[in-house]
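The values are calculated or read from the model by the stated rules, or taken from the named source; none is laboratory data. Keep in mind that what you see is a predicted model, and the values were worked out from it rather than measured. In this analysis, Cβ positions are derived from the backbone assuming ideal geometry, glycine residues included, and neighbour counts consider all displayed protein chains. Surface accessibility is based on the protein's heavy atoms, side chains included, excluding ligands, DNA and RNA. Shrake-Rupley method; radii C 1.70, N 1.55, O 1.52, S 1.80 Å.
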Amino acid sequence: MPEIVQQLPHDTRVDVFGDGPERGRLEAEISARNLEGRIVLRGYCNQLSSWIAGADALILPSRWEGLPNVVLESLSAGTPAIISAESGGEELAGAATLGAVSICSSIAEFAATIAEVKPLAGSLNSPRASLLPIDYEQGRVSQIWADLLTRVQHGK
């Protein structure tokens with residue numbers, strides 16, 4: 001992430017959530033690149049949904065994910081997502097509104113896509129419209145499961 005942030009406008013701030021064994025290395029790299037204040041390591045957060053809802057974009061540069069729940073949460077909050085090609089979001093990107101999910105295959109592509117992010121309009125006091133594809137909305141998923149269980153129960 002530091003190499004991406006270095007290529008972005010100087011007023012860009014990235015908040016990183018989560019913790020793990022790479023934190024010390026990441027702190028050292030942020031310091032070596034003079035990115036303190038532009039990259040903030042927030043650690044574990046049990047109120048992540050509030051941060052996501054107030055963000056201009058969610059960035060998920062994972063090397064591997066199954067179905068990325070954090071992207072589902074982001075889209076549900078009306079926050080677009082910028083994700084790595086390896087993060088399992090191709091299906092979401094294909095089903096979501098154009099521009100809701102951007103898939104990046106390189107550091108340069110991440111930097112270019114993030115640089116194009118504009119502050120999202122609207123008040124932080126009122127929720128934005130969901131960007132979640134209809135097939136992932138709670139009512140639709142519940143109906144799919146109910147139909148599946150009915151078929152299994154009836155041996156179909």
Open item on the list: Under the rule of at least 5 residues apart or a separate chain, name every residue whose amide H is placed under 5 Å from the amide H of S62.
Closed with: S84
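Compute the relative contact order of the chain as a whole-number percentage, counting only Cα pairs closer than 8 Å that sit 6 or more residues apart in sequence.
Working: 200 pairs, mean separation 32.1, N = 156.
Relative contact order for the chain comes out at 21 percent.
Please compute the net charge surrounding I114, taking Lys and Arg as +1 and Asp and Glu as -1 over other residues with Cβ under 15 Å from its Cβ.
Working: positive: R13, R38, K118; negative: E3, D11, D15, D56, E109, E116.
Local net charge: -3.
Please identify every one of the GluC sites (Glu not before Pro) in segment 1-100 that sits in a loop by DSSP and has no more than 14 other beta carbons within 10 Å of its own beta carbon. Display every interim value, and only then the final one.
Numbers: sites: E3, E22, E27, E29, E36, E65, E73, E86, E90, E91; in loops: E22, E65.
Sites meeting the loop and neighbour criteria: E22.
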TODO: Above 28 angstrom, tally the Cα pairs of the chain and express them as a % of all pairs, no decimals.
DONE: 26 percent
- [ ] Report the accessible area of R128, computed with a 1.4 Å probe over the heavy atoms of all protein chains in place, in Å² rounded to the nearest 10.
- [x] 60 Å²
- [ ] Over the alpha-carbon set of segment 29-89, work out the extent along each principal axis and list the three values in angstrom, largest first.
- [x] 34, 26, 20
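Note down the net charge around S49, summing +1 for each Lys or Arg and -1 for each Asp or Glu among other residues with Cβ under 15 Å from its Cβ. Present the calculation step by step, with values, prior to reporting the outcome.
Working: positive: R42, R128; negative: D15, E73.
Neighbour charge sum, excluding S49 itself: 0.
Below 8 Å between Cα atoms, with a sequence gap of 6+, how large is the relative contact order for segment 74-156 in percent?
On the way: 74 pairs, mean separation 29.1, N = 83.
The normalised contact order for segment 74-156 reaches 35 percent.
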